[in-house]
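The values are calculated or read from the model by the stated rules, or taken from the named source; none is laboratory data. All values derive from a computational prediction rather than experimental measurement. Quick reminder, even Gly has a Cβ in these numbers, built from the backbone with ideal geometry, and neighbours come from all protein chains shown. These area figures cover heavy atoms from the full protein model, side chains too; ligands, DNA and RNA do not enter into them. Shrake-Rupley method; radii C 1.70, N 1.55, O 1.52, S 1.80 Å.
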Amino acid sequence: MKLQPLYRITVFVPPVHLQALKAGILAVDDLAAGGYSHGMWESAPGQEQFRVQEGTASAVGVAGELVRESSVRLEFCIPRDHGRLQRLLDAIAAHHPWNTPAVFVDSTEFAAP
């Protein structure tokens, strides 16, 4: 097996917005890697929480309120290409319901034949 350098992108999104977010991501990149495309992983709904701070125009909740929302973890990988990564981050921002979506980018390696 050979190690291939990748970016692993993880984003948390309310379940009702999951399909729209996936469509927005796939509209800018088919996530082709290793002979496959459209590769994504979804985890069962969990819960995220946040407290809206004063002066924030939040999509959900009001200042001072602790908000709890159902959330799905969506992950996908791409070869390490910064331009491709930036296009995907822009697509996530454009199709995610939150003002500041929880998006994490890890540099990792995938063991492939």
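Within the stretch 1-81, considering only strands (runs of 3 or more DSSP E) that don't extend past its boundaries, which have at least 2 residues that are within 24 Å of PHE110 (Cβ to Cβ), of a type outside the set (D, E, K, R) and under 18 Å from the mean Cα position of the chain (by Cα)? Reasoning before the result, please.
Values: elements: 2-13, 46-51, 66-79.
Strands (runs of 3 or more DSSP E) meeting the threshold: 2-13, 66-79.
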Original post:
On the given criteria, is GLY46 small (Gly, Ala, Ser), open to solvent by less than 60 Å² (accessible area, probe 1.4 Å) and touching a Ser or Thr at 6+ places or on another chain (Cβ under 7 Å)?
Top reply: yes
Subject >> Of all residues making up the stretch 1-39, the number that are of a type in the set (A, V, I, L, M, F, W, C), loosely packed, with under 14 Cβ neighbours inside 10 Å and closer than 19 Å to ALA91 by Cβ >> reply: 5
Subject >> When residues of the stretch 90-106 are limited to those that are out of contact with any strand residue (DSSP E or B) (no Cβ under 6 Å at 6 or more places or on another chain), touching a residue at least 24 places away in the same chain (Cβ under 8 Å) and not in a loop (DSSP other than H, G, I, E, B), the one least open to solvent (accessible area, probe 1.4 Å) >> reply: ALA91
